[in-house]
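Structure first, then comments.
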Amino acid sequence: MSANLRIDGRRLTSRLAALGEIGALDGGGVKRLALTDADKAGRDRLVSWMRELGLTVEVDVIGNIIGTRAGTSAAPPILLGSHIDTVATGGLYDGALGVLAGLEVVATLNDAGIETHHPIAVAAFTNEEGARFAPDMMGSGTQTGALPLEDMLRVKGIDGARLGEELDRIGYRGDLPVGAMKPAAFLELHIEQGPVLEKEGIAIGAVTGVQGISWTEFTIEGVSNHAGTTPMAMRHDAGFVAAEIAVLAREIAREAGPPQVATVGAFAVEPGLVNVVPETATLTVDLRHTDENALRRAERRLHEGAQAAVEREGCAMAARSLARFEPVAFDPRLVDRVAFHAEAFGLGVKRMPSGAGHDAQMFAPICPTAMIFVPSRNGLSHNINEYTAPDEIEAGANVLLATVLELASADSPLGA
Ligand code: HGY
Ligand code: MN
Ligand code: MN
């Protein structure tokens, strides 16, 4: 019976649209920064959907939400999920797809009256984006022990708010402890957020792992001075040093070649006035690579180059690591099952690494983990025009359903 089971694509896309109304931006896109009122409203909506589906809802000590559908045994659950927080210029699908497709799997099993040996759980992890509070994957990283809870609760956001206080303010500091989530396996459906699947005309990505991530915030201290009277040789221009670091980041990526990427996402100078030599400058540099040694080389080049630029200009510098995660490989057995089910549906499938960070990378060290990608139109994400077509969403969710059904059975291929 379950061989012909399919998700209800219309129900899934209408839930995606409904969640997308929460934090909707004029002109399209979504802004649900972690632990803001919009994130709270999204959480409340998600919990109400979980309850409607008969899930047992729990919240952990850093606000991760987990809804569990009982199995016929006390075996550990098959965990699905992702995140519902977004960046400030987010789309409808980044994160939300993985959480709502998990709910859709549950709804489909409920409608068909199918019971599974393993329980099935769906999670929405706190602050996957790291855009308001760094680092990213904070909720999943804390739950799995990769990030220390007390330090994370004290993190100060870009707006000065403290994470723990915001958790209390929105009423999502739960009591499920760190380490309580011990799934038999973790599967995350996510948009690719890059150009590969669309360019190659392939429906499904069987994700092999996640590349390493290095986030650094540089603060440069110079001397503000008059733009007209100060000879160039006498300047200590913090803004100029920040600009040199930004150019260096791009040079590092160009010299190293793909898959090395480098991004200066935040850049600010103070006092930021047309006729004042900048006194201070802050910028962030995001470096990523699939190979840990290559990432370390890029980091070394960046820090050495930044220090040299600071010394040439007679400025001072502080560098703060905002996030640092090594590359992660997913369980090849689980990746094979994703590919198998995609092919069983007659879908094209490509094994590929993830350029973006995901909650799945935090579960890979503790249980068999894999991800399913669906295409992103024009490779766009972290952009209000992020888009994945309904049929592509449906295909991905059906591969998720089929893989979960197999993993949740008594004779799961993982022996889970
Ligand atoms: O930065 C990332 O890769 C993810 O969107 N948090
Ligand atoms: Mn995401
Ligand atoms: Mn994202």
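The values are calculated or read from the model by the stated rules, or taken from the named source; none is laboratory data. Owing to the predicted nature of the structure, the values given are computational and were not obtained by experimental measurement. Methodologically, a virtual Cβ is constructed for each residue, glycine included, from the backbone with ideal geometry; neighbour enumeration extends over all protein chains shown. In case anyone asks, the SASA skips ligands and DNA or RNA and just uses the protein heavy atoms, side chains included. Shrake-Rupley method; radii C 1.70, N 1.55, O 1.52, S 1.80 Å.
For region 268-275, what does the Karplus curve 6.51 cos²θ - 1.76 cosθ + 1.60, with θ = phi - 60°, yield as ³J(HN,Hα) per residue in whole Hz, taken in order and with x for Gly and Pro?
After applying 6.51 cos²θ - 1.76 cosθ + 1.60, I find 9, 10, 10, x, x, 10, 4, 10 Hz.
What order, most packed first, do the peptides 170-183, 329-342, 371-384 have when packing is the mean number of other Cβ atoms within 10 Å of each residue?
Numbers: 170-183: 16.2, 329-342: 20.1, 371-384: 21.9.
Put in order of decreasing packing, that is 371-384, 329-342, 170-183.
Can you tell me the dipole magnitude for region 212-325 around its Cα centre, using point charges on the Cβ only (Lys, Arg +1; Asp, Glu -1), in Debye to the nearest 20?
Working: 11 positive and 15 negative charges, 54 e Å.
Taking the Cα centre of region 212-325 as origin, the dipole is about 260 debye.
How many angstrom lie between the Cα centre of region 218-247 and the Cα centre of region 42-98?
Taking the Cα centre of each part, region 218-247 and region 42-98 sit 48 Å apart.
Taking R0 as 45 Å, what FRET efficiency do you get between ILE366 and ASP111 from their Cβ-Cβ distance, rounded to the nearest 0.05? Show your work: numbers first, answer last.
Values: r = 32 Å, r/R0 = 0.70.
Approximately 0.90, to the nearest 0.05.
How much of the DSSP bridge set in the chain is antiparallel, in percent, rounded to the nearest 5? Spell out each step's value before the answer.
Numbers: 46 of 67 bridges.
Expressed as a percentage, antiparallel bridges in the chain total about 70.
Check ILE114: other-chain or 5+ apart residues with amide H under 5 Å from its amide H, H built from backbone geometry?
Here the answer is none, since no amide H 5 or more places off falls under 5 Å of that of ILE114.
For LYS199, LYS31, write out the residues from largest to smallest accessible area, computed with a 1.4 angstrom probe and no ligands counted.
Values: LYS199 170, LYS31 90 Å².
I get LYS199, LYS31, largest accessible area first.
Treating the beta-carbon of each Lys and Arg as +1 and of each Asp and Glu as -1, no other charges, what is the dipole magnitude of the chain about its Cα centre, to the nearest 20 debye?
Numbers: 35 positive and 54 negative charges, 37 e Å.
Taking the Cα centre of the chain as origin, the dipole is about 180 debye.
Just to check, using Stokes-Einstein with a Kirkwood Rh over alpha carbon pairs, what's the diffusion coefficient of the chain at 20 °C and 1.002 mPa s in µm²/s?
96 µm²/s
Between LEU25 and VAL274, what's the calculated FRET efficiency when r is the beta-carbon distance and R0 is 35 Å? Round to 0.05.
Details: r = 30 Å, r/R0 = 0.86.
Step by step, r from the Cβ atoms, then E = 0.70.
In degrees between 0 and 90, to the nearest 10, how far off the longest principal axis of the chain does helix 390-407 point, with axes built from Cα atoms?
Between the helix axis and the principal axis of the chain, the angle is about 60 degrees.
On a straight-distance basis, which lysines could pair with LYS40 in a cross-link, Cα separation under 20 angstrom, same-chain partners fewer than 8 positions away excluded?
LYS31, LYS156
With a 1.4 Å probe and every protein chain left in place, work out the accessible area per residue of region 99-170 in Å², rounded to a whole number.
Values: 2200 Å² over 72 residues.
Per-residue value: 31 Å².
Where the accessible area of region 81-121 is counted over protein heavy atoms with a 1.4 Å probe, how much of it, in %, is carbon and sulfur?
Carbon and sulfur together cover 51 percent of it.
I need to check one value: relative contact order of region 212-325, counting alpha carbon pairs closer than 8 Å and at least 6 residues apart, in percent.
Details: 235 pairs, mean separation 51.5, N = 114.
So the answer I get is 45 percent.
Take HIS226, HIS236, HIS289 and sort them by solvent-accessible surface of the protein heavy atoms, 1.4 Å probe, largest at the top. If you can, show how the numbers build up before the last one.
Details: HIS226 100, HIS236 65, HIS289 25 Å².
So, going from the largest accessible area down, we get HIS226, HIS236, HIS289.
Which ³J(HN,Hα) values in Hz, rounded to whole numbers, follow from the phi angles of region 248-259 under the Karplus curve 6.51 cos²θ - 1.76 cosθ + 1.60, where θ = phi - 60° and Gly and Pro get x?
4, 4, 5, 4, 4, 5, 5, 5, 6, x, x, x
So who's got an amide H within less than 5 Å of the one on GLY81, skipping anything under 5 residues away but keeping other chains? H placed 1.01 Å off N, in plane.
Under 5 Å from the amide H of GLY81 lie the amide H atoms of ALA123, LEU187, LEU189, each far enough along the sequence or on another chain.
Mind jotting down a quarter of the surface of the convex hull over the alpha carbons of region 238-382, in square nanometres, one decimal? Walk me through the intermediate numbers first.
Numbers: hull surface 45.5 nm².
Seen from a random direction, the Cα hull of region 238-382 projects 11.4 nm² on average.
Direction-averaged shadow area of the convex hull around the Cα atoms of region 309-415, nm²? If you can, show how the numbers build up before the last one.
Numbers: hull surface 42.0 nm².
Mean orientational projected area (region 309-415, Cα hull): 10.5 nm².
Can you grab the distance from the C-alpha centre of region 148-163 to the C-alpha centre of region 1-22, Å, no decimals?
35 Å
For n ≥ 4 DSSP H runs only, could you compute -39500 (n - 2.57) per run for the chain, divide by its residues and tell me the 222 nm figure to the nearest 500? Walk me through the numbers before you get to the answer.
Numbers: 12 runs with 146 residues, N = 416.
After summing the helix terms and dividing by the residues of the chain, the value is -11000 deg cm²/dmol.
Tell me, what HN-Hα J-couplings in whole Hz come from the Karplus equation 6.51 cos²θ - 1.76 cosθ + 1.60 at θ = phi - 60° for each residue of region 287-298, using x for Gly and Pro?
Ordered by residue, 3J(HN,Hα) equals 10, 9, 7, 6, 10, 4, 5, 5, 5, 5, 4, 5 Hz.
For the chain, what is the relative contact order in percent, using Cα pairs closer than 8 Å and at least 6 residues apart in sequence? Numbers along the way, then the final one.
Working: 981 pairs, mean separation 94.0, N = 416.
Relative contact order, the chain: 23 percent.
How much FRET efficiency would the formula 1/(1 + (r/R0)^6) give for ASP168 and GLU255, where r is the Cβ-Cβ distance and R0 is 41 Å, rounded to 0.05?
Values: r = 47 Å, r/R0 = 1.14.
With R0 = 41 Å, the Cβ-Cβ based efficiency is 0.30.
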